[in-house]
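Student: First, the structure itself, so that you have it in front of you.
The values are calculated or read from the model by the stated rules, or taken from the named source; none is laboratory data. Note that this is a predicted model, so its numbers are computed, not measured. Please note: Cβ atoms are built from the backbone with ideal geometry, for glycine as well, and neighbour counts cover all protein chains shown. We work out accessible area using only protein heavy atoms, side chains counted, and drop any ligands, DNA or RNA first. Shrake-Rupley method; radii C 1.70, N 1.55, O 1.52, S 1.80 Å.
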Amino acid sequence: MHEAVMAALGTVNDPELHRDLVSLGMIERAEVDASGVAHVKVNLTTPACPLKDKIEGDVREAVQRVPGVQGVVVTFGAMVRAAAQPALPGVKHVVLVGSGKGGVGKSSVAVNIAASLARDGARVGLLDADVYGPSVAHMMGQGAAKVTANAERKMQPLDAHGLKFLSMANLSPAGQALVWRGPMLHSAIQQFIKDAAWGDLDYLIVDLPPGTGDVQLSLTQTVQVTGAVIVTTPQDVALIDAARAIDMFRKASVPVLGVVENMSYFVAPDTGLTYDLFGRGGSRKLGEQFPLLGEVPIDVDLRADADHGTPGVLAHPDSAASRALVQVARTLAGQISVRSLASLPDQLTVV
């Protein structure tokens, strides 16, 4: 029966990776008990798998066809595959969140992507690399906290909302302007990346400053980056700058994993009417070359949650903006899994 069940599972493809679950090494257990019930455990390539329900349905349908099987119980685990060249010891993927200009909600998107991945069960770190305008600490409700050193004299990231994070706001006095030139910025980024006790992480999300300056160059030269996410708003003036950010990553050999259209539309809470305040769908022009990870509406609660120090995906998970951001995070995780597949052999050992 085990061989028959495994043969059936060999016909089920991961819908994003387009290979069967057996050859991908995603089947941890497949056995049939005395009553004829098949117990299958699938190890997903990310806890934030966007197509988990489809995989479960396909597994049930395939195994149910095996003669003698009276029922199917499907359970899930998850193991994020590291990149071919892991970013840092213990860190499987570094993902940059950037924009060509300020004011597009890049930091809010980065915070909510990180919080969503952590809520789904991934081990997540969040680095606020916007050293001139650090806002992550406030959005995480830890604006007054201070970073300390551990026994190995490494910076100890702060903990909040199920993830680890570092921000310059927690290292310098509140309200103090940083007047730093390129070499000082490069040194700070080196310390944030290599002199911090990040531990074991599936994803380290990095909130970049807007534009295409020293911090972006320092990061791409310091660490192996899995890819970048571009945040923009729908209007042409934002898309022009987003295209410049994409070109910068191309020149730095950093893959663009997708585009997020933020402030895509507004639904009036009193009438339910939808208004395209900045136009809508402009980022689909970029999406012709890169995946459109999602369109996030303007949401008053999302803004208020950021001011109050709780990511919107946690504070108001059922809002339209939060649902869109959760889908962005899960689609992003799927894109990372697809890229990780390139380094896998054709057949993996099934445990």
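Student: Test each condition in (1) modelled with pLDDT of 90 or more; (2) more than 19 Å from residue 278 (Cβ to Cβ); (3) in contact with a helix residue (DSSP H, G or I) (Cβ under 9 Å, 6 or more places away or on another chain) for residue 219 and report the one that comes out false.
Tutor: The one condition residue 219 does not meet is (1).
Student: Here's something else I'd like to know. Could you please tell me which pairs satisfy a Cβ distance under 9 Å, a separation of 6+ or placement on different chains, a first residue in segment 115-138 that is within 24 Å of residue 333 (Cβ to Cβ) and in contact (Cβ under 8 Å) with a residue 12 or more places away in the chain, and a second residue that is open to solvent by less than 30 Å² (accessible area, probe 1.4 Å) and among the basic types (Lys, Arg)?
Tutor: 130/106
Student: Let me ask another. Please indicate, with yes or no, whether at least one residue in segment 286-294 is closer than 21 Å to residue 239 by Cα, crowded, with 21+ Cβ neighbours inside 10 Å and polar (S, T, N, Q).
Tutor: The answer is no, given that none of the residues of segment 286-294 is closer than 21 Å to residue 239 by Cα, crowded, with 21+ Cβ neighbours inside 10 Å and polar (S, T, N, Q).
Student: If you take the residues in segment 208-228 that are under 24 Å from residue 81 (Cβ atoms) and open to solvent by 30 Å² or more (accessible area, probe 1.4 Å), which one is nearest to the chain's Cα centre (by Cα)?
Tutor: 224
Student: Is there a residue in segment 61-74 that is closer than 30 Å to residue 214 by Cβ and without any contact (Cβ under 8 Å) to a residue 12 or more places away in the chain?
Tutor: The answer is no, given that none of the residues of segment 61-74 is closer than 30 Å to residue 214 by Cβ and without any contact (Cβ under 8 Å) to a residue 12 or more places away in the chain.
Student: I'd like to know if segment 242-263 contains one or more residues that are surrounded by 21 or more Cβ atoms within 10 Å (Cβ to Cβ) and of a type in the set (Ser, Thr, Tyr).
Tutor: No: segment 242-263 contains no residue that is surrounded by 21 or more Cβ atoms within 10 Å (Cβ to Cβ) and of a type in the set (Ser, Thr, Tyr).
Student: Return the residue satisfying two criteria in turn: it lies in segment 229-251 and is hydrophobic (A, V, I, L, M, F, W, C) and within 17 Å of the chain's Cα centre (by Cα), and of such residues it is nearest to residue 275 (Cα to Cα).
Tutor: 231
Student: Tally up the residues in segment 5-28 that are charged (D, E, K, R), without any contact (Cβ under 8 Å) to a residue 40 or more places away in the chain and crowded, with 22+ Cβ neighbours inside 10 Å, please.
Tutor: 0
Student: Additional query: Of (1) touching a helix residue (DSSP H, G or I) at 6+ places or on another chain (Cβ under 8 Å); (2) crowded, with 18+ Cβ neighbours inside 10 Å; (3) over 23 Å from residue 186 (Cα atoms), residue 145 satisfies all except one. Which?
Tutor: (2)
Student: Next up: If I filter segment 149-165 for residues that are of a type in the set (Lys, Arg), outside any helix (DSSP H, G or I) and touching a Leu at 6+ places or on another chain (Cβ under 8 Å), do I get at least one hit?
Tutor: yes
Table: residues versus (1) crowded, with 16+ Cβ neighbours inside 10 Å; (2) outside any helix (DSSP H, G or I); (3) not hydrophobic (A, V, I, L, M, F, W, C).
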position	(1), (2), (3)
230	yes, yes, no
269	no, yes, yes
272	no, yes, yes
302	yes, no, no
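Student: Consider residue 119 against the criteria (1) open to solvent by 10 Å² or more (accessible area, probe 1.4 Å); (2) farther than 24 Å from residue 78 by Cα: it satisfies all of them except one. Which criterion is unmet?
Tutor: Every condition holds for residue 119 apart from (2).
Student: Looking for something modelled with pLDDT under 90, in contact with a Ser or Thr (Cβ under 9 Å, 6 or more places away or on another chain), among the basic types (Lys, Arg) and farther than 22 Å from residue 319 by Cβ - is there at least one such residue anywhere in segment 266-280?
Tutor: no
Student: Can you spot a residue in segment 29-44 that is surrounded by fewer than 17 Cβ atoms within 10 Å (Cβ to Cβ), part of a strand (DSSP E or B) and of a type in the set (A, V, I, L, M, F, W, C)?
Tutor: Scanning segment 29-44 turns up at least one residue that is surrounded by fewer than 17 Cβ atoms within 10 Å (Cβ to Cβ), part of a strand (DSSP E or B) and of a type in the set (A, V, I, L, M, F, W, C).
Student: Right, something else. Any idea which of (1) within 19 Å of residue 80 (Cα to Cα); (2) under 22 Å from the mean Cα position of the chain (by Cα); (3) at pLDDT below 90; (4) open to solvent by 50 Å² or more (accessible area, probe 1.4 Å) is the one residue 341 doesn't satisfy?
Tutor: If we test residue 341 against (1) within 19 Å of residue 80 (Cα to Cα); (2) under 22 Å from the mean Cα position of the chain (by Cα); (3) at pLDDT below 90; (4) open to solvent by 50 Å² or more (accessible area, probe 1.4 Å), just (4) comes out false.
Student: For a quick check of your reading: which strands (runs of 3 or more DSSP E) sit entirely within segment 65-140 and have at least 2 residues that are closer than 30 Å to residue 35 by Cα, more than 14 Å from the chain's Cα centre (by Cα) and of a type in the set (Val, Ile, Thr)?
Tutor: Filter on segment 65-140 gives 71-78.
Student: Right, another one. Scan segment 308-337 and report the pairs whose first residue is farther than 25 Å from residue 143 by Cβ and without any contact (Cβ under 8 Å) to a residue 12 or more places away in the chain and whose second residue is β-branched (Val, Ile, Thr) and surrounded by 18 or more Cβ atoms within 10 Å (Cβ to Cβ), with Cβ atoms within less than 9 Å and a gap of 6+ or a chain change.
Tutor: 323/313
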